[in-house]
1. Could you give each residue of the range 132-147 its phi-based ³J(HN,Hα) in whole Hz, using Karplus coefficients 6.51, -1.76, 1.60 with θ = phi - 60°, and x for Gly or Pro?
2. Of PHE145, PHE37, which has the most accessible area and how do the rest follow, probe 1.4 Å?
3. Quick check for you: with a 1.4 Å probe and neighbouring chains kept, what is the accessible area per residue of the range 1-152, in Å²?
4. How large is ³J(HN,Hα), in whole Hz, for each residue of the range 228-234 in order, when computed from phi with the Karplus curve 6.51 cos²θ - 1.76 cosθ + 1.60 and θ = phi - 60°, using x for Gly and Pro?
5. Could you please put LEU236, LEU219, LEU214 in sequence from largest to smallest accessible area, using a 1.4 Å probe?
6. How much net charge surrounds GLU223 when only the other residues with a Cβ under 9 Å from the Cβ of GLU223 are counted, with Lys and Arg +1 and Asp and Glu -1?
7. Counting Lys and Arg as +1 and Asp and Glu as -1, each charge on the Cβ, what is the dipole of the range 1-132 about the Cα centre in debye, to the nearest 20?
8. What is the percent carbon and sulfur in the accessible area of the range 110-233, measuring with a 1.4 Å probe over the protein chains and ignoring ligands?
Amino acid sequence: MRTDIFARLDREPEPPKIEIPRMSRTRLALFGGTSAFYAAIVVAVLASTWLVALDWKVMLFRPFEQWPQPHAFLDYFVVLGQRGPTAVMVAAWLGWRSWRQHTLRPLLALGAALLLLNVTVGAVKIGLGRLGPHYATEIGSAELFAGGDIFPSGHTANAVVTWGILAYLATTPRARRYLSALSAVVSLGVGLTTVYIGTHWLSDVLLGWAAGLLILLGLPWCEPVIARAEVWLLGLRDRWRARRAPEPPLPVAAGAPRPDPVPQRELVSQVESGAAAQEHAPRHAGARSGSASRTATHTPVAAPVRPHPGRSERSPVSPTGSRRPPHSRPLPGA
């Protein structure tokens, strides 16, 4: 057994027993409170309340002009909320987790979370059609139903879901606490960075945090579907492997001759013998017909028998005498 630090990178011999999160009372309470916060933000923007006025004050303050020093760094930091790069990074990590733990649940949970994110956040974006700060047309207006797609903030919601899924899939309480804190810092930083750069209103970021948190809190409801999808995919993989695997050899009893590994040999020999018989059959038939005709027309002449050079014409002699019977010659004059 390896005891060094790299031993944790080896594949586990069998799938570990992972505790799947359930929809507990605490989670239900958080889900309900977050849903109420989400609805309050939407109503406040629709009614153009003090929240919309705060949006304009922050935008006109222009934080990127007030504090230009971190601007270059934050241009790169905000990529941690962009869907493409973050999905690739997290999927690579969870793919390794799936290989190590003999399960597809990490990748399927990530896919389910991203699917819910695209459907829910995208529907609200298109439905409300809010314009961003750079495209605002009237000071103090909520800029709704104008063909935009800025509310809620996709960068913020994606940061919450993509990095929060690591904490959701953690296998120990300690890892879950650390990853939850790390994902909270990253998602908060990404949301505030979009406000600093001026690409989102403050209310966009608040709604993006709520939207991402709702998806993470509601993932236990998707666990039965994830489990069925994993069973189906693993069964599909096993059937594909069975089709590609060679057929096992037939069992042979002890002491019995082993079967020919190439059963075509017997068939080929039979074909060759049949072809040879067909090839020689007309020759023999022709020879018999020719000999019959010669017999009928010509008198056969016996060929002289030449004695074998190494064989004596003397009769064999045995200890009891010659085995050849004596010739009876007629007497002269008889």
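The values are calculated or read from the model by the stated rules, or taken from the named source; none is laboratory data. These figures come from a predicted structure and were not determined experimentally. Glycine also receives a Cβ, built like all others from the backbone with ideal geometry; neighbour counts cover every protein chain displayed. When the accessible area is computed, the model is the full protein with side chains, heavy atoms only, and any ligands, DNA or RNA have been set aside. Shrake-Rupley method; radii C 1.70, N 1.55, O 1.52, S 1.80 Å.
1. Values, residue by residue: x, x, 6, 10, 5, 10, 9, 5, x, 8, 6, 6, 8, 6, 10, x Hz.
2. Values: PHE145 140, PHE37 95 Å².
So the residues, ranked largest to smallest area, are PHE145, PHE37.
3. Values: 9700 Å² over 152 residues.
Computed with neighbouring chains in place, this is 64 Å² per residue.
4. For the range 228-234, the Karplus-derived couplings read 5, 5, 5, 4, 5, 5, 5 Hz, x marking Gly and Pro.
5. On the way: LEU236 75, LEU219 0, LEU214 35 Å².
Of LEU236, LEU219, LEU214, the descending order of accessible area is LEU236, LEU214, LEU219.
6. On the way: positive: ARG22, ARG105; negative: none.
Net charge in that neighbourhood comes out at +2.
7. Working: 15 positive and 8 negative charges, 71 e Å.
The calculation lands at about 340 debye.
8. Working: 3780 of 5240 Å².
Heavy-atom surface of the range 110-233 belonging to carbon and sulfur, 1.4 Å probe: 72 percent.
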